[in-house]
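The values are calculated or read from the model by the stated rules, or taken from the named source; none is laboratory data. These numbers come from a predicted model, not from an experiment. Cβ placement follows ideal geometry from the backbone for every residue including glycine, while neighbour counts extend to all protein chains displayed. Remember, those area values only see protein heavy atoms, side chains included, never the ligands or the DNA or RNA. Shrake-Rupley method; radii C 1.70, N 1.55, O 1.52, S 1.80 Å.
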Amino acid sequence: MKRLAVGYEFICRIIMMVAVVNVAFVLHTLLGFVLGGLFPSVAASYSVFRQWLLDVEDRSWTIKRTWTTFHQAWLEEIGAANQLGWPQTIIWLLLIWEYWFVQNNDLGYVGTAVSGVLLVLNVLYGLFVFLSWSVHINFNENLLWTVRTSLIMVVARPLCSFIVLALFLATVWSYYTWPGLMMAFGPAVPIFFTMVAVYSWGKMPGMDVRVIEPLEKKR
């Protein structure tokens with residue numbers, strides 16, 4: 001019974017942390033006048049969940065600690081996150097527009113083939129975007145290195161990529177079925193799931209459950 005109570009409290013603390021990150025995400029995006037604050041908020045969300053995952057000895061984070069960690073990461077990411085986020089967004093918008101154009105114009109058999117290719121490209125690019133932020137906050141490297149490493153991860157870690165995609169689709173379904181969840185947790189949930197998947201199956205140096213948690217248990 002005690003173990004059940006402890007587990008229930010742990011889950012409640014995770015839910016609270018994710019909800020706090022969502023509130024911080026919205027307020028800090030507005031603090032940066034949306035255009036300047038959006039991508040630092042994305043990076044800060046990834047950073048909070050990374051630090052929480054690595055804090056194996058104490059994951060019972062308070063609201064204050066979550067908020068403080070987010071705010072500090074947001075301040076540090078104002079420049080670098082925008083350099084990563086805006087080019088990604090422009091490319092993704094072009095891919096989405098091309099897919100929409102092919103879908104809404106009769107191009108015959110060629111259009112069907114191109115539509116399939118564009119769909120796959122959009123999915124792979126989406127995975128690249130999700131994983132690129134985890135790479136960005138885990139390594140202090142330049143933009144080109146981050147892009148190259150993220151692309152390699154999408155292909156070299158197929159299980160991680162599949163789980164990220166599956167959890168994202170499950171989140172979209174949940175938000176569509178219960179819209180209140182989207183208001184409460186917003187982008188924080190898919191970001192949290194991405195970081196958990198990377199930590200568990202991404203085998204990323206400095207953020208690999210197989211390396212970190214066995215070491216913690218030996219202490």
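Can you tell me which residue is farthest from Ser200 (Cα to Cα) among those in the stretch 138-149 that are assigned to a loop (DSSP other than H, G, I, E, B) and free of Cβ contacts under 8 Å to residues at least 24 places away in the same chain?
Filtering the stretch 138-149 for residues that are assigned to a loop (DSSP other than H, G, I, E, B) and free of Cβ contacts under 8 Å to residues at least 24 places away in the same chain, the one farthest from Ser200 (Cα to Cα) comes out as Asn142.
Which numbered condition trips up Tyr99, out of (1) within 19 Å of Ser132 (Cα to Cα); (2) crowded, with 17+ Cβ neighbours inside 10 Å?
All conditions are met except number (1).
If the requirement is being under 26 Å from Val26 (Cα atoms), out of contact with any Cys (no Cβ under 9 Å at 6 or more places or on another chain), open to solvent by 70 Å² or more (accessible area, probe 1.4 Å) and modelled with pLDDT of 95 or more, which of these qualifies: Gln88, Gln72?
Values: Gln88 fails: open to solvent by 70 Å² or more (accessible area, probe 1.4 Å).
Gln72 is the lone residue from the list that is under 26 Å from Val26 (Cα atoms), out of contact with any Cys (no Cβ under 9 Å at 6 or more places or on another chain), open to solvent by 70 Å² or more (accessible area, probe 1.4 Å) and modelled with pLDDT of 95 or more.
Within the set of pairs 6+ apart or on separate chains, which have a first residue in the stretch 199-219 that is farther than 13 Å from Glu57 by Cβ and among the basic types (Lys, Arg), a second that is modelled with pLDDT of 80 or more and buried (at least 16 other Cβ atoms within 10 Å of the Cβ), and C-beta atoms under 8 Å apart?
Sorted first by the residue in the stretch 199-219, then by its partner, the pairs are Lys203/Arg157; Lys203/Cys160; Arg210/Lys203.
Among the candidates Ile212, Ile152, single out the residue that is of a type in the set (Val, Ile, Thr), open to solvent by 80 Å² or more (accessible area, probe 1.4 Å) and either part of a helix (DSSP H, G or I) or touching a Lys or Arg at 6+ places or on another chain (Cβ under 6 Å) (or both).
Going through Ile212, Ile152 in turn, just one is of a type in the set (Val, Ile, Thr), open to solvent by 80 Å² or more (accessible area, probe 1.4 Å) and either part of a helix (DSSP H, G or I) or touching a Lys or Arg at 6+ places or on another chain (Cβ under 6 Å) (or both): Ile152.
Against the condition open to solvent by 50 Å² or more (accessible area, probe 1.4 Å) and under 16 Å from Val196 (Cα atoms), how does Ile63 come out, does it pass?
no
Can you find a residue that is of a type in the set (A, V, I, L, M), in a helix (DSSP H, G or I), open to solvent by 50 Å² or more (accessible area, probe 1.4 Å) and in contact with a Leu (Cβ under 9 Å, 6 or more places away or on another chain) anywhere in the stretch 197-208?
Checked the stretch 197-208: no residue is of a type in the set (A, V, I, L, M), in a helix (DSSP H, G or I), open to solvent by 50 Å² or more (accessible area, probe 1.4 Å) and in contact with a Leu (Cβ under 9 Å, 6 or more places away or on another chain).
Considering only residues that are farther than 9 Å from Ala188 by Cα and open to solvent by 20 Å² or more (accessible area, probe 1.4 Å), which ones fall in the stretch 24-38?
Matches in the stretch 24-38: Val26, Leu27, Leu30, Leu31, Phe33, Val34, Leu35, Gly36, Leu38.
Select from the stretch 170-201 the residues that are over 21 Å from Leu38 (Cα atoms) and either among the charged types (D, E, K, R) or under 13 Å from the mean Cα position of the chain (by Cα) (or both) and list them in ascending order.
Correct list: Val196, Ala197, Val198, Tyr199.
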